[in-house]
Amino acid sequence: MTFNALTVLILLPLAGALAVALIPKRRGELIVPVALASSVVPLGLALWVLWNFTVGDPGFQFAESYVWSEPLGIGWSVGIDGISLWLVVLTAFLM
């Protein structure tokens, strides 16, 4: 089984936002640590992707593709190339 870094990079901030939204008001002190963790972990993962990116290799890297419903043509495909790599790292840094 392989590690699907790009899917985790997309879903982790969504899970963090959901976790922050579900924190009860009486536990307000948990909002900042949960929000910080859901921002720092994707940054670390984006830096890991940057470190493991093979420079000079044309095409998409870390590509993932899943078919959800073949008759309807619904699926999930993500990949990263040299330009989008820096945009992903910048987005994770700005979080």
(message) Quick check on segment 12-25: of everything there that is part of a helix (DSSP H, G or I) and not hydrophobic (A, V, I, L, M, F, W, C), which residue is least open to solvent (accessible area, probe 1.4 Å)?
(response) GLY16
(message) Would you confirm, using the coordinates I've provided, whether GLY28 is surrounded by fewer than 12 Cβ atoms within 10 Å (Cβ to Cβ), out of contact with any Gly (no Cβ under 7 Å at 6 or more places or on another chain) and in contact (Cβ under 8 Å) with a residue 12 or more places away in the chain?
(response) no
(message) Going by what's in this entry, would GLY28 be described as in a helix (DSSP H, G or I) and at pLDDT below 90?
(response) yes
(message) Whether any residue in segment 38-52 is closer than 13 Å to LEU85 by Cα and either more than 15 Å from the chain's Cα centre (by Cα) or without any contact (Cβ under 8 Å) to a residue 24 or more places away in the chain (or both) is what I want to check.
(response) yes
(request) Taking the options PHE62, PHE93, name whichever one is outside any helix (DSSP H, G or I), in contact with a Leu (Cβ under 9 Å, 6 or more places away or on another chain) and at pLDDT 90 or above. (result) PHE62
(request) Hey, can you tell me all the residues within segment 77-90 that are β-branched (Val, Ile, Thr), under 21 Å from SER65 (Cα atoms) and in a helix (DSSP H, G or I)? (result) ILE83, VAL88
(request) Hey, can you tell me all the residues within segment 33-59 that are loosely packed, with under 15 Cβ neighbours inside 10 Å and not in a helix (DSSP H, G or I)? (result) THR54, VAL55, GLY56, ASP57, PRO58, GLY59
(request) Output the number of the condition that ALA21 fails; it satisfies all remaining conditions of (1) farther than 26 Å from SER84 by Cα; (2) modelled with pLDDT under 90. (result) (2)
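The values are calculated or read from the model by the stated rules, or taken from the named source; none is laboratory data. Predicted model only: the values in this text are computed from it and were never measured. For neighbour counting, all protein chains shown are included, and Cβ atoms are generated from backbone atoms with ideal geometry for every residue, glycine included. Each accessible area value is taken on the protein alone, full model and side chains, heavy atoms only, with ligands, DNA and RNA left out. Shrake-Rupley method; radii C 1.70, N 1.55, O 1.52, S 1.80 Å.
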